Amino acid sequence: MDALGLVELNSIAAGIEAGDSMLKVAATTLTAANPVCSGKFVVMVRGSVAAVKSSVEAGVATGAENIVDSLLIPNVHKQVFQAINGAAEIPETGAIGVIETFSLASCIHASDAAVKAADVLLIEIRLGRGLGGKSYVVLTGDVSAVSEAVRVGKSVPECEGMIARTSVIPAPHESIREALI
């Protein structure tokens, strides 16, 4: 499995510079490098654990005082990449779970933990665009699986103090379900 690395910065210029250093230091694949709300910039890479670790360390060193958050998830669940890119195939949904966070990195940590903890499907991971710097993940499955996934996702140590709110909707209205898919 791929590792996922992310560096979140409070400066666009520093973010571009950090992204450049991340890609020059190790053989990683750029997944995202873009501005997000609140004047933040996010750089996301994937590859082997060692390469991603080197990239994240280089990005954090280059970003220095502009770092908001960073992450390295070895063996990230494949659904995380699909949900970030909005490419997940969504069957008829069951219960809906939402984990809303104050940072992009914490949302990815919560999403990975949630999908590994229970038999759920990630519908979308929305990272900071149009959200005032917040992020959220929407997932689906049966009520007990969604409840467990949300419980585990919000309790990840890397998310401490970064969870804005969570919700589990056992039987979502058809219009809400359609809006999410």
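With just the Cα atoms defining each centre, how far is region 131-181 from region 14-78? Give it in Å. Centre-to-centre (Cα) distance: 25 Å. Between 0 and 90 degrees, rounded to the nearest ten: what's the tilt of helix 104-117 against the longest Cα principal axis of the chain? Computed tilt is about 50 degrees. Largest GNM mean-square fluctuation across Ser54, Ser144, Ser111, computed for the chain with C-alpha springs under 10 Å, falls on Ser144.
Among the GluC sites (Glu not before Pro) found in region 127-181, those both in a DSSP coil and sparsely packed, with 12 or fewer other Cβ atoms within 10 Å of their Cβ, are Glu160. Straight Cα distances below 13 angstrom link Lys154 to the aspartates and glutamates Glu100, Asp112, with same-chain residues fewer than 8 positions distant left out. If you run the Gaussian network model on the chain, springs between alpha carbon atoms under 10 Å, then out of Ser147, Ser135, Ser167 the most flexible one is Ser167.
Given 0.36 nm per residue, what is the gain on full extension from Ile16 to Ala179 after removing their alpha carbon distance, in nm? Each step should come with its number before you reach the end.
Numbers: separation 163, 0.36 × 163 = 58.68 nm, distance 3.35 nm.
That works out to 55.3 nm of additional length.
Calculated [222 nm] ellipticity per residue, helices only, for the chain: -11500 deg cm²/dmol; basis is -39500 (n - 2.57) per DSSP H run with n ≥ 4, divided by all residues, nearest 500. In the elastic network of the chain, a GNM with C-alpha springs shorter than 10 Å, the most mobile of Ala14, Ala61, Ala149 is Ala61. Taking the protein heavy atoms of the chain in the context of the full set of protein chains, the accessible area attributed to carbon and sulfur is 53 percent at 1.4 Å.
Which FRET efficiency value, to the nearest 0.05, do you get for Lys116 and Leu30 by plugging their Cβ-Cβ distance into 1/(1 + (r/R0)^6) with R0 = 30 Å?
On the way: r = 25 Å, r/R0 = 0.82.
About 0.75, to the nearest 0.05.
Solvent exposure of the chain amounts to 45 Å² per residue of accessible area, where only protein heavy atoms count and the probe is 1.4 Å. Applying the Karplus relation 6.51 cos²θ - 1.76 cosθ + 1.60 with θ = phi - 60° to region 94-100 yields 3J(HN,Hα) values of x, 5, 10, x, 9, 10, 9 Hz, where x marks Gly and Pro. Spin-label pair Ile169-Val49: with each label point 7 Å from Cα along the Cα-Cβ axis, the two points sit 3.8 nm from one another. Straight Cα distances below 13 angstrom link Lys53 to the aspartates and glutamates Asp2, with same-chain residues fewer than 8 positions distant left out.
The values are calculated or read from the model by the stated rules, or taken from the named source; none is laboratory data. All values derive from a computational prediction rather than experimental measurement. Ideal geometry is used to build each Cβ from the backbone, glycine not excepted, and the neighbour counts take in all protein chains shown. These area figures cover heavy atoms from the full protein model, side chains too; ligands, DNA and RNA do not enter into them. Shrake-Rupley method; radii C 1.70, N 1.55, O 1.52, S 1.80 Å.
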